[in-house]
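Chemist: Please find one structure pasted underneath; my questions will follow.
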Amino acid sequence: MNDNSEIQDVELAVSRWLRIGVIISAAVIVIGLILLFIHGGSGYPDDYYPHSLSEIYSGTIALKPYAVITTGLILLILTPVLRVAISIWVFVREGDKLYVIITSIVLAILIISFILGKA
């Protein structure tokens with residue numbers, strides 16, 4: 001197997017994972033919307049909405065519509081982050097140290113922005 005064919009195989013696998021991530025997140029959001037219409041509300045009292053991952057997780061387990069929709073949005077946001085992580089693996093396999101470093105910095109910035117970010 002030549003290098004070009006292997007790179008194409010990896011790119012196809014990455015695109016497949018991105019497609020799967022988008023489909024899963026869309027399905028979760030649709031389930032949340034269906035629950036929203038069935039319950040007639042967010043599943044939380046008045047103007048309260050979950051703000052932490054633990055609240056979102058417990059709300060999703062309890063099938064609270066807003067928490068389920070938020071889980072779908074989080075999955076959608078994490079899909080391209082997965083792409084960056086897979087890119088690091090691809091560059092390591094190719095032996096391209098410069099791109100491993102650059103992509104690792106990008107992944108670190110993404111993770112730090114998630115940790116420090118506020119809505």
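Chemist: Name every residue in the stretch 36-48 that is buried (at least 16 other Cβ atoms within 10 Å of the Cβ) and at pLDDT below 80, in order of residue number.
Modeler: Of everything in the stretch 36-48, those that are buried (at least 16 other Cβ atoms within 10 Å of the Cβ) and at pLDDT below 80 turn out to be Ser42, Gly43.
Rundown of residues vs (1) open to solvent by 50 Å² or more (accessible area, probe 1.4 Å); (2) closer than 18 Å to Val22 by Cα, yes/no style:
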residue	(1), (2)
Thr70	no, yes
Leu75	yes, yes
Leu78	yes, yes
Leu82	yes, yes
Ala85	no, yes
Ile88	no, no
Glu94	yes, no
Val100	no, no
Ser104	no, no
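Chemist: Same structure, new question: Does the stretch 64-73 include one or more residues that are closer than 30 Å to Val10 by Cβ and either modelled with pLDDT under 85 or in contact with a helix residue (DSSP H, G or I) (Cβ under 6 Å, 6 or more places away or on another chain) (or both)?
Modeler: Checking the stretch 64-73: at least one residue is closer than 30 Å to Val10 by Cβ and either modelled with pLDDT under 85 or in contact with a helix residue (DSSP H, G or I) (Cβ under 6 Å, 6 or more places away or on another chain) (or both).
Chemist: Could you check Ser58 against (1) over 30 Å from Arg93 (Cβ atoms); (2) part of a helix (DSSP H, G or I); (3) open to solvent by less than 50 Å² (accessible area, probe 1.4 Å); (4) not aromatic (Phe, Trp, Tyr) and say which number it fails?
Modeler: For Ser58, the exception is condition (3).
Chemist: Test Ala67 against the stated conditions and say whether it is assigned to a helix (DSSP H, G or I), out of contact with any Gly (no Cβ under 6 Å at 6 or more places or on another chain) and hydrophobic (A, V, I, L, M, F, W, C).
Modeler: no
Chemist: Residues in the stretch 65-85 that are in contact with a Leu (Cβ under 8 Å, 6 or more places away or on another chain) and not hydrophobic (A, V, I, L, M, F, W, C): how many?
Modeler: Total satisfying the criteria: 5.
Chemist: Exactly one condition in (1) open to solvent by less than 50 Å² (accessible area, probe 1.4 Å); (2) among the β-branched types (Val, Ile, Thr); (3) within 30 Å of Gly32 (Cβ to Cβ) is false for Ile115; which is it?
Modeler: (1)
Chemist: Looking at the stretch 11-28, can you tell me whether even one residue there is open to solvent by 70 Å² or more (accessible area, probe 1.4 Å), within 19 Å of Asp96 (Cα to Cα), in a helix (DSSP H, G or I) and out of contact with any Ser or Thr (no Cβ under 8 Å at 6 or more places or on another chain)?
Modeler: yes
The values are calculated or read from the model by the stated rules, or taken from the named source; none is laboratory data. All of these numbers come straight from a predicted model, not from anything done at the bench. Neighbour counts run over all protein chains shown; Cβ positions are idealised from the backbone, glycine included. We work out accessible area using only protein heavy atoms, side chains counted, and drop any ligands, DNA or RNA first. Shrake-Rupley method; radii C 1.70, N 1.55, O 1.52, S 1.80 Å.
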